[in-house]
Amino acid sequence: MNKDIFLTNSLGNKKEKFIPINEKKIGMYVCGPTVYDDPHIGNARPLVIFDILYKVLKCKFGSKSVRYVRNITDIDDKIIQSSIEKKISISDLTTKVTSNYHDDCKYLKCEKPNDEPKATENISLMINMIEDLIKKNYAYEIKNHVYFEVKKFKDYGKLSNKKLEELIAGSRVEISENKKNPEDFVLWKPSNNNEPYWESPWGKGRPGWHLECSVMSRKYLGDTFDIHAGGVDLVFPHHENEMAQSQCANGLDSFAKIWMHNGFLTIEGEKMSKSIGNIVSVRDLLKENSGETIRLCMLMTHYRQPINWTTKSMKQAKKTLDGWYSSLKEFEGKGQKTEVPKKFIKALADDLNTPRAISILHELSSEQKKRPSQQNRDNLIAAGNLLGFFNFTPQEWFDSNEKNNSSEIDVLVVEKKILERDKAREAGDFSRADKLRNELTKLGVVLEDGPNGTKWRHN
């Protein structure tokens with residue numbers, strides 16, 4: 001297979017051919033959630049987009065050649081504030097939100113990363129990196145705070161393609177009398193009473209947010225790696241600061257070779273905001289929509305472009321999936337494993353051009369409707385699978401999107417019970433798993449466990 005992939009690199013803001021550092025050990029790091037509240041639909045966009053990138057890389061280079069790391073930020077000022085507002089412990093909050101996040105990933109048909117480190121599990125490595133930065137004269141301590149001295153890094157602003165003065169003027173930079181310079185950012189801060197803390201050479205405290213990703217990416221992918229990705233809102237200050245501190249700590253002129261960022265998401269033309277009250281969580285959408293529908297709605301817009309999330313676009317995505325599943329009804333069966341059509345993978349290899357890939361899916365679906373054959377059907381499934389679709393048989397799809405009139409099965413209840421059962425089985429609690437299966441049987445649901453997970457159908 002042709003291994004050519006072209007990606008837009010935010011570092012230089014141009015599309016370039018992806019040349020791995022080592023094509024047998026491709027490293028990909030995506031900034032994961034800060035688990036202070038259930039993920040909203042904006043958080044889900046990078047989750048879905050870079051799941052596609054992971055699939056494309058595996059398709060081109062082989063699944064054993066790609067290491068996908070996505071972190072969990074489980075200590076942060078937002079988490080502390082949220083635990084106070086919700087009146088629950090930080091541990092209970094982060095455990096609950098992380099569990100809900102994993103459920104959302106399953107609903108959205110996103111693959112698990114190879115590694116999913118938590119910030120709190122890597123504090124000692126963060127302290128080590130801070131000590132290195134202080135020794136190399138890139139960081140300084142004042143009143144139990146440690147700051148990175150930005151002016152010591154000559155390439156600061158290179159990722160954002162802006163001068164330091166522009167970055168400070170256009171962004172919210174933390175004001176503190178402790179800093180030597182207003183642009184300097186925190187690496188370590190003291191914890192107040194009743195806040196989580198770790199012992200360090202600078203007293204009891206906790207790490208800065210930017211430092212966490214630098215340490216976790218280095219732990220799993222090394223000093224330099226191929227791709228670092230996230231939402232466009234992370235370019236500054238998060239990724240700019242990551243790049244600065246990592247290059248200085250590692251003593252190298254590069255950190256991530258390619259930086260990728262997806263565009264903003266608005267709801268019905270407005271920015272999501274608590275004050276407006278238009279924040280939509282993934283769990284809210286899943287009450288009335290399939291994960292595949294949400295996923296397709298994400299992919300209808302190119303990842304680098306802003307996306308306006310509307311009820312109309314969701315209906316369009318559902319209608320499109322109905323059409324594709326309808327075309328699969330002919331020659332329904334297991335079929336043969338077939339390679340992804342070349343023109344389809346070529347579209348995705350061109351900077352994840354999902355709108356073009358979707359148009360090819362339309363072509364494949366139309367071909368199957370006009371000239372139904374097992375081969376046409378297999379081509380459609382192979383292409384759809386690469387985008388994360390066709391996790392159901394046509395019957396399962398149409399049954400799961402319409403309540404069965406005779407049994408009034410609630411799809412959301414069924415899928416939640418299946419997730420609970422999966423967790424029970426993973427934990428070895430087979431008594432709980434059997435109980436959940438029995439509950440589903442009483443609802444008129446038949447479970448079919450297979451190598452690709454559990455599927456269900458009406459009895």
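The values are calculated or read from the model by the stated rules, or taken from the named source; none is laboratory data. Since the structure is predicted, the reported quantities are computational estimates derived from the model, not experimental observations. Positions of Cβ are backbone-derived with ideal geometry, glycine not excepted, and every protein chain shown enters the neighbour counts. Each accessible area value is taken on the protein alone, full model and side chains, heavy atoms only, with ligands, DNA and RNA left out. Shrake-Rupley method; radii C 1.70, N 1.55, O 1.52, S 1.80 Å.
Quick look at the values:
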{"item": "R295 - accessible surface, heavy atoms, 1.4 Å probe, Å² rounded to 10", "result": "0 Å²"}
{"item": "Among beta bridges that DSSP assigns inside the chain, antiparallel share in %, nearest 5", "result": "55 percent"}
{"item": "Per-pair calculated FRET efficiency, R0 = 51 Å: K329 and K219 via Cβ, rounded to 0.05", "result": "0.60"}
{"item": "Accessible carbon and sulfur surface of the chain relative to its total accessible area, %, 1.4 Å", "result": "47 percent"}
{"item": "Which of T354, A427, A229, positive extreme of dipole for the chain (C-beta unit charges)", "result": "T354"}
{"item": "Out-of-range pairs (alpha-carbon distance over 32 Å; input K219/K417; K343/K423; K315/K416)", "result": "K219/K417; K343/K423"}
{"item": "Separation in nanometres of the label points that stand 7 Å from Cα toward Cβ, at M300 and D233", "result": "2.3 nm"}
{"item": "Separation between Cα centres of the stretch 212-281 and the stretch 409-448, rounded to whole Å", "result": "37 Å"}
{"item": "Where trypsin sites (Lys or Arg not before Pro) fall in DSSP loop in the stretch 76-161, at most 13 other Cβ within 10 Å", "result": "K87, K136, K143, K154"}
{"item": "Helix-only [θ]222 nm of the chain, DSSP H runs n ≥ 4, -39500 (n - 2.57) each, per residue, nearest 500", "result": "-13500 deg cm²/dmol"}
{"item": "Fraction of antiparallel bridges per DSSP, the stretch 142-299 only, in percent to nearest 5", "result": "60 percent"}
{"item": "Charged-residue dipole, Cβ positions (Lys, Arg, Asp, Glu), the chain about Cα centre, Debye nearest 20", "result": "1100 debye"}
{"item": "The stretch 133-276, relative contact order in percent, only Cα pairs under 8 angstrom and at least six apart counted", "result": "22 percent"}
{"item": "Extension gain, K319 back to T441 (0.36 nm per residue minus Cα-Cα distance, nm)", "result": "40.9 nm"}
{"item": "Crossing angle, helix 411-426 versus the chain [Cα axis fit, 0-90 degrees, rounded to tens]", "result": "60 degrees"}
{"item": "Given charges at Cβ of Lys, Arg, Asp, Glu: the stretch 130-169 dipole, positive-most of A139, L164, V150", "result": "L164"}
{"item": "Approximate spin-label separation Q81-S431, in nm, with each point projected 7 Å along Cα-to-Cβ", "result": "4.5 nm"}
{"item": "GluC sites (Glu not before Pro) restricted to DSSP loop in the stretch 319-366 with at most 16 other C-beta within 10 Å", "result": "E330, E332, E339"}
{"item": "For the chain: relative contact order, % (alpha-carbon pairs under 8 angstrom, 6 or more apart)", "result": "16 percent"}
{"item": "Options (i) 217; (ii) 207; (iii) 161 - which one matches volume of the Cα convex hull per residue in Å³ as calculated here", "result": "(iii)"}
{"item": "Inter-part distance where the stretch 306-349 and the stretch 355-405 are each reduced to a Cα centre, Å", "result": "5 Å"}
{"item": "Cα lying deepest toward the dipole's positive end in the chain, options L299, N128, Q375, charges on Cβ", "result": "Q375"}
{"item": "Label-point gap, in nm, between S373 and K343 - each point 7 angstrom along Cα→Cβ", "result": "1.5 nm"}
